[in-house]
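Beneath this line is the structure, given in structure tokens, with notes to follow.
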Amino acid sequence: MNSVPFDPRPGLGLRPIINVSGTMTSLGASIVGAEVVSAISTILPHFVEIDDLQRLASRQIASSTGAQAGYVTASSAAALTLSVAACMTGSSLAAVEQLPNTQGMKSQVLLQMGHAIHYGAHVEQGIRLSGASVRLIGSATLAGGYQLDAAIDANTAAAVFVVSHHVVDYGQIGLHDFVQICHAKNVPVIVDAASEYDLHGFLEAGADVVIYSAHKFLGGCTAGVVAGKLDLVRNMYLQNRGIGRGFKVGKESILGSVAALKAWDKRDHAAVRAREDAALQVWKQQFEKLDGVTVQIVPDPTQNPLSRLKFRIDPATARITAWDLADRLAELETPIIVRDHEVEQGFFFLDPCNLHPGQEHIVAASIVGICQSAKVKPQVARTLVERGATKARSMQSWPN
Ligand SMILES: *Cc1c(COP(=O)(O)O)cnc(C)c1O
């Protein structure tokens with residue numbers, strides 16, 4: 001929630017939007033901080049030895065996370081593919097060039113079925129992109145350590161553990177047990193923590209490498225921040241001579257990520273939280289008065305230090321469904337994009353993390369306005385099937 005900077009969007013014919021959805025790639029991720037913008041613009045005109053710049057990033061990542069080493073890649077999705085690749089190739093330059101053909105390498109990756117999520121793309125596909133195959137452990141809602149242990153064999157290259165609000169949140173093997181079982185048989189553990197605030201806990205729990213997105217809570221430019229054991233990080237870096245080439249980052253993203261980590265270490269996290277909580281209170285007070293609406297402040301499911309407003313709407317009373325309300329908001333002249341992953345269950349969330357000052361009041365007034373007019377003039381309800389089909393058609397007709 002920085003002060004509002006110059007806005008180029010109107011001049012480009014791009015609609016300004018208000019993001020109460022979260023850090024979404026499709027909306028431009030997060031508000032990139034001034035320190036990051038400045039770091040990027042200072043390095044852009046200059047040549048630099050990238051290996052040295054990545055060494056600098058490694059030192060910063062080590063200092064911010066407690067890892068032995070780190071480096072910056074294009075995204076968390078890229079880092080997932082490259083970490084798996086590194087577990088298969090080791091330090092062999094020939095093997096790096098051979099991928100995605102995995103002949104002669106261990107090539108199976110273990111993943112709990114409840115972690116085989118879609119965050120905008122499939123985690124499983126990100127693993128397979130390296131040439132590896134995925135072996136799913138357990139069932140969607142129940143996985144046991146004995147199943148993980150029994151699945152490890154001579155072809156096991158790595159195991160992936162996902163920390164996310166998307167994973168099934170019960171019946172899974174916890175990270176400590178997961179690491180213990182894997183390490184007892186020398187299987188490295190890769191943790192996808194793309195959207196997590198905790199820069200230390202997963203490494204402390206024994207993860208060999210942890211992956212974060214620079215452009216999510218860190219407020220950096222688009223990049224992946226990799227932190228982990230020296231050998232594994234180095235073997236990931238080697239992939240730049242192979243499948244990593246298409247995932248490369250430039251000097252701007254490397255230095256931008258370093259700046260984002262430095263800014264994160266210095267940020268007044270309590271003040272940020274207080275601003276977010278104040279927005280939640282504004283919303284709660286405004287929406288409690290609405291007929292057919294129930295609101296609740298809900299802590300983040302993976303214990304990130306933030307809360308969101310759960311906005312539940314009963315269409316019989318409110319005369320509008322949760323998804324129609326979400327769509328009406330997205331159709332406003334300044335679209336308001338809510339967090340609608342679970343809208344079929346009759347609720348959405350409002351996320352206060354990416355608000356510019358004052359936008360919480362626009363969000364409140366818009367929602368109250370639409371709900372009040374729906375009471376007078378009920379909205380023609382769209383089914384979820386129609387809604388999904390419209391979205392798919394819109395995607396498939398881009399750029400028209
Ligand atoms: C966002 C996310 C990703 C992808 O991150 P990018 O850096 O945008 O590629 C991967 N895994 C999880 C769990 C995520 O939340």
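Among the residues of region 296-304, is any among the aliphatic types (A, V, I, L, M) and in contact (Cβ under 8 Å) with a residue 40 or more places away in the chain?
Yes - at least one qualifying residue is present in region 296-304.
Among the residues of region 154-165, what is the count of those that are under 14 Å from Thr302 (Cα atoms) and out of contact with any helix residue (DSSP H, G or I) (no Cβ under 9 Å at 6 or more places or on another chain)?
1
Give the residue, chosen from Ser307, Ser253, that is surrounded by 22 or more Cβ atoms within 10 Å (Cβ to Cβ), over 30 Å from Val376 (Cα atoms) and among the hydroxyl-bearing types (Ser, Thr, Tyr).
Going through Ser307, Ser253 in turn, the sole match is Ser253.
Can you work out which of the residues in region 115-144 that are assigned to a loop (DSSP other than H, G, I, E, B) and more than 16 Å from the ligand (Cβ to nearest atom) is surrounded by the fewest Cβ atoms within 10 Å (Cβ to Cβ)?
Thr141
Of the numbered conditions (1) modelled with pLDDT under 95; (2) not in a loop (DSSP other than H, G, I, E, B), Pro357 fails exactly one; give the number of that condition.
Of the numbered conditions (1) modelled with pLDDT under 95; (2) not in a loop (DSSP other than H, G, I, E, B), the odd one out for Pro357 is (2).
Give region 211-251 a look and list any residue that's among the basic types (Lys, Arg) and within 17 Å of Ala263 (Cα to Cα), or say none.
Hit for region 211-251 is Lys216, nothing else.
Quick check on region 164-175: of everything there that is part of a loop (DSSP other than H, G, I, E, B) and of a type outside the set (Gly, Ala, Ser), which residue is surrounded by the fewest Cβ atoms within 10 Å (Cβ to Cβ)?
That would be Tyr170.
This table checks each residue for (1) surrounded by 21 or more Cβ atoms within 10 Å (Cβ to Cβ); (2) assigned to a helix (DSSP H, G or I); (3) out of contact with any Lys or Arg (no Cβ under 8 Å at 6 or more places or on another chain); (4) touching a residue at least 40 places away in the same chain (Cβ under 8 Å).
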| site | (1), (2), (3), (4) |
| --- | --- |
| Glu344 | no, yes, yes, yes |
| Gly369 | no, yes, yes, no |
| Arg387 | no, yes, yes, yes |
| Pro399 | no, no, yes, no |
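Run down Gln147, Gln112 and say which single residue is among the polar types (S, T, N, Q), within 16 Å of the ligand (Cβ to nearest atom), modelled with pLDDT of 95 or more and crowded, with 18+ Cβ neighbours inside 10 Å.
Exactly one of Gln147, Gln112 is among the polar types (S, T, N, Q), within 16 Å of the ligand (Cβ to nearest atom), modelled with pLDDT of 95 or more and crowded, with 18+ Cβ neighbours inside 10 Å, namely Gln112.
For Ser91, state whether it is surrounded by fewer than 17 Cβ atoms within 10 Å (Cβ to Cβ), in contact with a helix residue (DSSP H, G or I) (Cβ under 6 Å, 6 or more places away or on another chain) and of a type in the set (Gly, Ala, Ser).
In short, yes.
Looking at region 371-385 only, could you name the residues that are loosely packed, with under 10 Cβ neighbours inside 10 Å and part of a helix (DSSP H, G or I)?
Val376, Val385, listed by residue number.
Inspect region 305-319 for any residue being among the acidic types (Asp, Glu), under 26 Å from Ser164 (Cα atoms) and modelled with pLDDT of 95 or more and give the result as yes or no.
Within region 305-319, not a single residue is among the acidic types (Asp, Glu), under 26 Å from Ser164 (Cα atoms) and modelled with pLDDT of 95 or more.
Looking only at region 55-83, which residues are surrounded by 19 or more Cβ atoms within 10 Å (Cβ to Cβ) and more than 18 Å from Ile190 (Cα to Cα)?
Listed by number, the residues that qualify are Ala57, Gln60, Ser64.
Look through Glu288, Glu276 and report the one residue that is acidic (Asp, Glu) and within 27 Å of Gly33 (Cα to Cα).
Among Glu288, Glu276, only Glu276 is acidic (Asp, Glu) and within 27 Å of Gly33 (Cα to Cα).
Of (1) surrounded by 13 or more Cβ atoms within 10 Å (Cβ to Cβ); (2) under 18 Å from the mean Cα position of the chain (by Cα); (3) in contact (Cβ under 8 Å) with a residue 40 or more places away in the chain, Gly28 satisfies all except one. Which?
Condition (3) is where Gly28 drops out.
From the residues in region 201-249 that are under 26 Å from Phe178 (Cβ atoms) and among the basic types (Lys, Arg), which one is nearest to the chain's Cα centre (by Cα)?
Restricting to residues being under 26 Å from Phe178 (Cβ atoms) and among the basic types (Lys, Arg), the top hit is Lys216.
(1) among the small types (Gly, Ala, Ser); (2) farther than 21 Å from His356 by Cβ; (3) touching a Gly at 6+ places or on another chain (Cβ under 9 Å): which one isn't true of Gly242, the others all being true?
The single condition Gly242 does not satisfy is (3).
What number of residues within region 159-175 satisfy the criterion of being among the small types (Gly, Ala, Ser), touching a residue at least 40 places away in the same chain (Cβ under 8 Å) and away from the ligand (no atom under 16 Å from the Cβ)?
1
One residue is enough: does region 227-239 have a residue meeting the conditions of a type outside the set (Phe, Trp, Tyr), buried (at least 24 other Cβ atoms within 10 Å of the Cβ) and over 19 Å from Leu129 (Cα atoms)?
Within region 227-239 (the criterion being of a type outside the set (Phe, Trp, Tyr), buried (at least 24 other Cβ atoms within 10 Å of the Cβ) and over 19 Å from Leu129 (Cα atoms)), the answer is yes, since at least one residue qualifies.
The values are calculated or read from the model by the stated rules, or taken from the named source; none is laboratory data. The structure displayed is predicted, hence computed values, not measured ones. In this analysis, Cβ positions are derived from the backbone assuming ideal geometry, glycine residues included, and neighbour counts consider all displayed protein chains.
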